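See structure below.
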Amino acid sequence: MYALVDGNNFYVSCERVFRPSLDGRPVVVLSNNDGCAIARSNEAKALGIKMGAPWFQIRHMEETEGLVALSANFTLYGDMSDRMMSVAAGLGPVQEVYSIDESFIGLQGVRGDLTKRSRAMRERIDRWVGIPCGVGIGQTKTLAKLANYIAKTAERKPGSYPDELAQVCNLTTLPAQDLDDVLAATLVEEVWGVGRKISAQLHEGGIHTVLDLVRMDPATIRRRWSVVLERTVRELQGMQCIDLDDAPAPKKEIACTRSFGQAITELPPLVEAVSDFASRAAEKLRKQGSLASQLLVFAHTSPFRPGPRFNRSIVVPLRRPTADTGKLVWAAAVGMRRMYEPGYKMANAGVMLLDLVPGSVLQGELDLEEEDQRDRTKLMVALDTLNGRYGKGTVHSASTGGTNKGKDWGMKQERRTPNYTTKWEDVPVARA
Amino acid sequence: MYSVLDSPLPVPFDEAVEALALPMCGVSVRAGFPSPADDFVVERLDIMQLLVKHPQATYFWRVRGDSMQDAGIEDGSIIVVDRAVRPKHGSIVVALIDGECTVKYLYQRAGRMKLRAANPTYPDIIPRDSQTVLVWGVVRGCVKLFATS
C-alpha cells in the first residue's frame, strides 16, 4: 500500500509561508524568464488562468483582479521541499521522492488507522513547514496518485467529491459502492500515465471515466493499446505492477536518488555514488528511447542531524544529447567535484537527467567542428526550446543563478522573492 | 542552486587527483602508542544543537524595532522561530495581524488574548472583533553579534 504526499500549488505555497499577506489573493509563479505561469494559487485557478499561460496574456489581471506574479525562486523551493519531504518521511518505512513537491511513501507494516495517521502527518507538514498538502492512499502507486488527485480536487472544488475525501483520500477503506461512485466521477485523463493522446482514444472507444477503465479486460487493453496501458489498468484494479523507485519516468526528467546508509564526507565515495546513479539513470533513459541534454547532480546533508548544512545542486550541460552511460557518468562526476566542499556529512545525493529528447532526432555527425562554438549555440537553442515548451520544473534550475552573467537569459527575474531560508541577508523581517 | 553553464564542456575528469585523495579518518596506521584520546572521540559542541530542536520547522527571522528589548530581543537581532512548538500563555511569538508579522509576548488568560510588548512605551495589541491573530511560530532563541573590531 502506498501514500502519495503532494504539496498544494507548491511554489505558491512556499512563497506564502513568508508573505502571509498573499493568503486569499490570486498568485502565480512565473517561469524563469518571467515567461509563463508555472504555479497558480486556487484563486488564480478560479480566475481561469491556465497552467503555462503566458504572462503577457494574464498581465492585465494585476490591475483588474489584484493578481500577484512572482518569479520562480528555486533556491527557496528546494529548501522547502527538503523540509516537507523529511517530515513526510515519517509516514512510513520507505520514501521515494518523485519530484520537487511529491513523494511516495510505502506503507508496508504500518499499523493503525492510516487515514488518521495521514491526517496527522498532513497537519504536521502544514504547521511545521507551512505547506498545505494532499495525501492519497491506494493499494498501488497509480491508485495512490489517483487518490491524491481526488483529495486535492475535493478540497478545491467542494461538491466534486464527498467532503470527507478532501485533503486525505484513502481509497482502500471506501465501501465498494462509494469507490465506484468516486471512480465514475473521475475522467480517464486524470490517471497517472494516461496521456492526452491515449485519453482521446479511450474517449473515442467509449471509455470515459476511471470506472469504465477499471472494468476493462487488461488483455483487450494490451491488444488495442499497449502493455504500458495494460499495466496502468492492472494497477487501477489493485494489482501492484510499479514498485517504489520503479515509476514510469516523468516525461521531462529522469531521476535517480538515494539516501546513504551512512553519511559520506569524502569526495571519492560521493563521486562513486553519483556515477552509479548516473549509470542507472542512463539505463532508464535508454529504455524509453530518449537522450539527455543536461545532467543535474545534487547532494544534501541530513535535515535530521545537527552539524553544518550542505544543500547544493549543479547542472552540467552535455555537449550533445546523449544516452551514453560513459558520458553521463563523466558529467555527474564533474558536477560533484565542482560543488564538493569538505566538512559536510552528506546523507543524500542524486542525479537527474534533464531536457530529454527522443533518440530518433539525433543527427549523425563528425567530431570535427570547433567545440566551443557548436556547444554555445546548441545550449542556447536547448534552453530556449525548453522554456518555450515545458515551462515547469527543474529544467529551469539550469539558468537560475547562472554564473554566465545573463546576456540572454540570466537576469529576467524582476519579481523574485528573497532567499528567505538560505541567505542571512534575506531572512524575513518581523517588527518588534 | 549552482550552474556551470559558463563552461559548456565538462572538464576532463582528472584521475590523478582522484588517486591522490587520501581518506582522513581516525583509523590511520601509526607507530608507537595509540593516542589515549582515541577512546574519547566526541563531536565538538555545536551552537545549532542549542538553537534548533526541530530543523524542518525552524526558520530564522530578523527583528526590526525595540518593542521587545526588555526580553533581550533588540533591533537587528536574529530570532530562531520554531513552528513545531505549540504557543501558550507567556510564549514569545511571531504573530500575524493584518498580514503583518510582529514579535510579542502571547497573553492568553480567561478567554482573552492579546499581544504584549517587552517595553513599557508600547501598548498591548488587543485584536478587534474584525481582526484575527495567527501565531506563525514560537521564538525559541535570539542571536546577537557584537562588534569585534
Condition met for A:ILE207 (under 30 Å from A:VAL315 (Cβ atoms), more than 14 Å from chain B (Cβ to nearest Cβ) and in a loop (DSSP other than H, G, I, E, B)): no
query: Which residue out of A:SER313, A:SER259 is more than 14 Å from every other protein chain (Cβ to nearest Cβ) and either closer than 11 Å to A:GLY335 by Cβ or part of a strand (DSSP E or B) (or both)?
result: A:SER259
field: Failed item, numbered, when A:VAL357 is tested on (1) within 11 Å of another protein chain (Cβ to nearest Cβ); (2) in contact (Cβ under 8 Å) with a residue 40 or more places away in the chain; (3) part of a strand (DSSP E or B)
entry: (1)
message: Could you check the range A:168-204 and list, in sequence order, the residues that are without any contact (Cβ under 8 Å) to a residue 24 or more places away in the chain, outside any helix (DSSP H, G or I) and open to solvent by 50 Å² or more (accessible area, probe 1.4 Å)?
response: A:PRO175, A:LEU187
query: Across the range A:300-309, what is the total count of residues that are within 15 Å of A:THR421 (Cβ to Cβ) and either open to solvent by less than 10 Å² (accessible area, probe 1.4 Å) or modelled with pLDDT under 80 (or both)?
result: 1
- prompt: (1) touching a residue at least 24 places away in the same chain (Cβ under 8 Å); (2) closer than 16 Å to A:ARG119 by Cα; (3) crowded, with 19+ Cβ neighbours inside 10 Å: which one isn't true of A:TYR161, the others all being true?
  reply: (2)
- prompt: Can you spot a residue in the range B:131-146 that is in a loop (DSSP other than H, G, I, E, B), facing another protein chain (nearest Cβ under 9 Å), at pLDDT 95 or above and open to solvent by less than 50 Å² (accessible area, probe 1.4 Å)?
  reply: no
- request: Considering only the range A:113-128, state which residues are open to solvent by 30 Å² or more (accessible area, probe 1.4 Å) and of a type in the set (S, T, N, Q).
  value: A:THR115
field: Count of the range A:132-154 residues which are touching a residue at least 24 places away in the same chain (Cβ under 8 Å) and part of a helix (DSSP H, G or I)
entry: 11
- prompt: Restricting attention to the range B:49-65, and to residues there that are assigned to a loop (DSSP other than H, G, I, E, B) and more than 7 Å from chain A (Cβ to nearest Cβ), which single residue is most open to solvent (accessible area, probe 1.4 Å)?
  reply: B:LYS53
task: Output yes when any residue across the range B:70-79 is in a helix (DSSP H, G or I) and either under 20 Å from A:ASP126 (Cβ atoms) or more than 14 Å from the chain's Cα centre (by Cα) (or both), and no when none is.
output: yes
- line: Counting only residues that are free of Cβ contacts under 8 Å to residues at least 24 places away in the same chain, under 19 Å from A:LEU76 (Cα atoms) and not polar (S, T, N, Q), the range A:7-36 contains a total of 2
statement: If you go through A:VAL94, A:VAL17, A:VAL110, the only one that is within 25 Å of A:ASN148 (Cα to Cα), surrounded by fewer than 21 Cβ atoms within 10 Å (Cβ to Cβ), hydrophobic (A, V, I, L, M, F, W, C) and over 20 Å from the mean Cα position of the chain (by Cα) is A:VAL110
message: So, in the range B:107-149, exactly how many residues are under 13 Å from B:PRO87 (Cα atoms) and under 20 Å from the mean Cα position of the chain (by Cα)?
response: 6
- prompt: Mind checking whether some residue in the range A:34-52 is under 22 Å from B:GLU100 (Cα atoms) and among the basic types (Lys, Arg)?
  reply: no
task: Run A:SER293 past the list (1) touching a strand residue (DSSP E or B) at 6+ places or on another chain (Cβ under 6 Å); (2) part of a helix (DSSP H, G or I); (3) buried (at least 18 other Cβ atoms within 10 Å of the Cβ) and report the number of the one that doesn't hold.
output: (2)
field: Tally of residues being out of contact with any helix residue (DSSP H, G or I) (no Cβ under 7 Å at 6 or more places or on another chain) and within 30 Å of B:GLN56 (Cβ to Cβ) across the range A:41-68
entry: 4
task: Please name all residue pairs, on different chains or six or more residues apart, with Cβ atoms under 8 Å, provided the first residue is in the range A:280-296 and is touching a residue at least 24 places away in the same chain (Cβ under 8 Å) and the second residue is crowded, with 17+ Cβ neighbours inside 10 Å and acidic (Asp, Glu).
output: A:ALA292/A:ASP355; A:SER293/A:ASP355; A:GLN294/A:ASP355
task: With respect to A:LEU285, determine if the residue is assigned to a helix (DSSP H, G or I), at pLDDT 90 or above and buried (at least 21 other Cβ atoms within 10 Å of the Cβ).
output: no
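Okay, residues lined up against (1) of a type outside the set (S, T, N, Q); (2) at pLDDT below 90; (3) touching a Ser or Thr at 6+ places or on another chain (Cβ under 9 Å):
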position: A:SER13; (1), (2), (3): no, no, yes
position: A:VAL28; (1), (2), (3): yes, no, yes
position: A:ILE49; (1), (2), (3): yes, no, no
position: A:ILE58; (1), (2), (3): yes, no, no
position: A:MET61; (1), (2), (3): yes, no, no
position: A:GLY66; (1), (2), (3): yes, no, no
position: A:GLY78; (1), (2), (3): yes, yes, yes
position: A:VAL87; (1), (2), (3): yes, no, no
position: A:PHE104; (1), (2), (3): yes, no, no
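The values are calculated or read from the model by the stated rules, or taken from the named source; none is laboratory data. None of these values were measured; they are calculated from a predicted model. Glycine gets a Cβ as well: all are built from the backbone with ideal geometry, and neighbour counts include every protein chain shown. With ligands, DNA and RNA removed, areas are computed over all heavy atoms of the protein, side chains included. Shrake-Rupley method; radii C 1.70, N 1.55, O 1.52, S 1.80 Å.
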